[in-house]
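Structure first, then comments.
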Amino acid sequence: MLRYYYDTEELDIEETENGQDREFHFHFKSAGQNMHDFQKVRAHFNRDRVITDVFFYPQADQRCRVIVRNDYYIDFVLVLFKYQILSHIEWI
């Protein structure tokens, strides 16, 4: 299992388990660098060969719902870290 950290002044992340998937709700508190970097995360998964690994559902008010297959959970978290959405990751 992973624990991750991020700038809570810029972003809220809610994560829930949903059967064979993980569901994330991102709320960007400002239209700044984090939103721009999040677009890079989305582009990363749009370029890979597996089309059912991560689904992005943009919503109003700088929010995005993301559904991640459990077998791609670690990959998703690492890409969030790569693009500096997350500031720290640790195994627990």
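A short reminder: the numbers here are calculations on the coordinates, not readings from a lab. Quantities reported herein were computed from a predicted structural model and do not represent experimental measurements. Note that each Cβ is placed from the backbone with ideal geometry, even for glycine, and that neighbours are counted across all protein chains shown.
In deg cm²/dmol, rounded to 500, what helix-only [θ] at 222 nm does the chain give when every DSSP H run of at least 4 residues adds -39500 (n - 2.57) and the total is split over its residues? Could you put the intermediate results ahead of the total?
Values: 2 runs with 25 residues, N = 92.
One gets -8500 deg cm²/dmol as the mean residue ellipticity at 222 nm.
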Candidates I74, I51, I13; GNM for the chain (alpha-carbon contacts under 10 Å) flags as most fluctuating I51
Treating the Cα atoms of the range 8-87 as identical point scatterers in vacuum, please give the log10 of the normalised Debye intensity I(q)/I(0) at q = 0.12 Å⁻¹, two decimals.
-0.30
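Suppose the chain between T8 and D71 were pulled fully straight at 0.36 nm per residue; how much longer would it get relative to their current alpha carbon spacing?
Here the segment from T8 to D71 would lengthen by 20.0 nm.
Between M1 and K40, how high is the FRET efficiency from 1/(1 + (r/R0)^6) when r is the Cβ-Cβ distance and R₀ = 22 Å? Nearest 0.05. Intermediate values should be presented prior to the final figure.
Numbers: r = 26 Å, r/R0 = 1.16.
The calculated FRET efficiency here is 0.30.
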Name the most mobile residue of A31, A43, A60, meaning the one with the largest mean-square fluctuation, in a Gaussian network model of the chain with Cα contacts below 10 Å.
A60
